[in-house]
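Supplied in structure tokens, the structure appears directly below.
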Amino acid sequence: MPIVKAADGVELHYDLHDYTDPWKRGPVLILQHGFGRSSRFWYNMVPYIARHYPVVCPNLRGLGPSPADFDIDKAITVDNYIGDLVAIIESLGRGPVHYAGESLGGILGFALAAEHPELVRTLSVFAAPLVISAWTQKTFAFEHPTWQDALGSMGAEGWARAVNTATRFPPDTDPDLLEWFAREMGKSRVEVMIAMSRLASKVDATPSLSRIKAPVLGLYPSGGAIVSGDQEETLRARIADLTVVHLPTRYHMVHTLFPATCAEYVLSFMALHDGRVVRET
């Protein structure tokens, strides 16, 4: 597992999946996980994409194998997250890259594309809100005073298990998937998740949108409350080159529920802007 040092010395781990022809050197896709998760959560999309594009799956600082040997309360910031992504992209020597992020990873993608347009070829987001609404934060609190209190009391796995059935997955979801998802997310350090939740409670991607030059693909649920219709209207009004696709669910984890469909959309989007063919006969 490759390791990159961030500007402040924090170690960043990422997974690299590359099944492209070894004599070709095309652009890279960054797949960025969201809140409290890790690179492991891309297991179901990587096989569809990595034959055509090298796929890099970073672990945000303090999550997965990326250690939390830093001041968690001070070092988890949007600026640091963007700096971490820049450090990884520059270490690859393959920029500009395609970027795809889910939920909070998509919010970071908006900021990255706005602040570093020279590094982003295309931007794809899965169910990425512009802000974490008051309704969402109340839901995530699960009758505790705050989202942070809920995490501290329930722990990473307990909180993940509760939110799985609240907003992430429909009632008929395979119970084994729900259990795996909760257990895997339970490996995350709850103190890191608490710091991330404080950041997520305040983040607003709206100011970044009008500065995004890269083509943007948004894959969103067809309903639900985490990404409201008003937020989608803002995306359409402020992003110059935007394609929005609605998937047939009101639940949040569209990339987990429809991995092949999401991979096909992202592959086609990247290939269109690269002038490449990604289908094999």
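The values are calculated or read from the model by the stated rules, or taken from the named source; none is laboratory data. These numbers were taken from a predicted model, which means no experiment stands behind them. A quick note on method: Cβ atoms are made from the backbone with ideal geometry, for glycine too, and the neighbour counts reach across all protein chains shown. Note: areas computed on protein heavy atoms with side chains; ligands, DNA, RNA excluded. Shrake-Rupley method; radii C 1.70, N 1.55, O 1.52, S 1.80 Å.
Please state the relative contact order of region 25-74 as a whole percent: Cα pairs under 8 Å, 6+ residues apart?
That works out to 40 percent.
Suppose every Lys and Arg Cβ carries +1 and every Asp and Glu Cβ carries -1, with no other charges. What dipole size does region 27-112 come out with about its Cα centre, to the nearest 20 debye? The partial results should precede the final answer.
Details: 6 positive and 7 negative charges, 77 e Å.
The dipole of region 27-112 has a size of about 380 debye.
Follow-up question, since we're still on this one. In debye to the nearest 20, how big a dipole does region 139-226 give about its Cα centre with +1 on each Lys and Arg Cβ and -1 on each Asp and Glu Cβ?
Roughly 520 debye, rounded to the nearest 20.
Additional query: As an exercise, identify the chymotrypsin sites (Phe, Trp or Tyr not before Pro) in region 27-135 lying in DSSP coil whose Cβ has no more than 16 other Cβ atoms within 10 Å.
TYR43
Which ³J(HN,Hα) values in Hz, rounded to whole numbers, follow from the phi angles of region 26-35 under the Karplus curve 6.51 cos²θ - 1.76 cosθ + 1.60, where θ = phi - 60° and Gly and Pro get x?
x, x, 9, 10, 8, 10, 10, 6, x, 4
Oh, and also: In square angstrom, what is the accessible area per residue of the chain with a 1.4 angstrom probe?
42 Å²
Give me the percent of the accessible area of the chain that comes from carbon and sulfur atoms, probe 1.4 Å, all protein chains in place.
51 percent
Counting Lys and Arg as +1 and Asp and Glu as -1, what is the net charge of the other residues whose Cβ lies under 13 Å from the Cβ of THR165?
Summing Lys/Arg as +1 and Asp/Glu as -1 gives -1.
For region 90-242, what relative contact order do you get, as a whole percent, if you take Cα pairs closer than 8 Å and at least 6 residues apart?
30 percent
Still on this structure, please answer the following. Using only alpha carbon positions, build the gyration tensor of region 20-86, then give the equivalent ellipsoid semi-axes as the square roots of 5 times its eigenvalues, largest first, whole angstrom.
Computed over region 20-86, the values are 27, 13, 9 Å.
How many times 2.2 N^0.38 Å is the alpha carbon radius of gyration of the chain?
0.94
Enumerate the calculated ³J(HN,Hα) couplings along region 246-259 in order (Karplus 6.51 cos²θ - 1.76 cosθ + 1.60, θ = phi - 60°), each rounded to whole Hz, writing x wherever the residue is Gly or Pro.
Each residue of region 246-259 in turn: 9, 9, x, 7, 9, 9, 6, 8, 4, 6, 7, 6, 10, x Hz.
Note down the relative contact order for region 202-266 as a percent, whole number, built from C-alpha pairs under 8 angstrom at least six residues apart.
The normalised contact order for region 202-266 reaches 40 percent.
Next question. On a C-alpha basis, how far is the centre of region 65-90 from the centre of region 204-237 in Å? Whole number, if you could?
24 Å
Just want the answer: with Cβ charges of +1 for Lys and Arg and -1 for Asp and Glu, which residue in PHE142, PRO27, ILE76 is farthest toward the dipole's positive end in the chain?
It is PRO27, whose Cα lies furthest towards the positive end.
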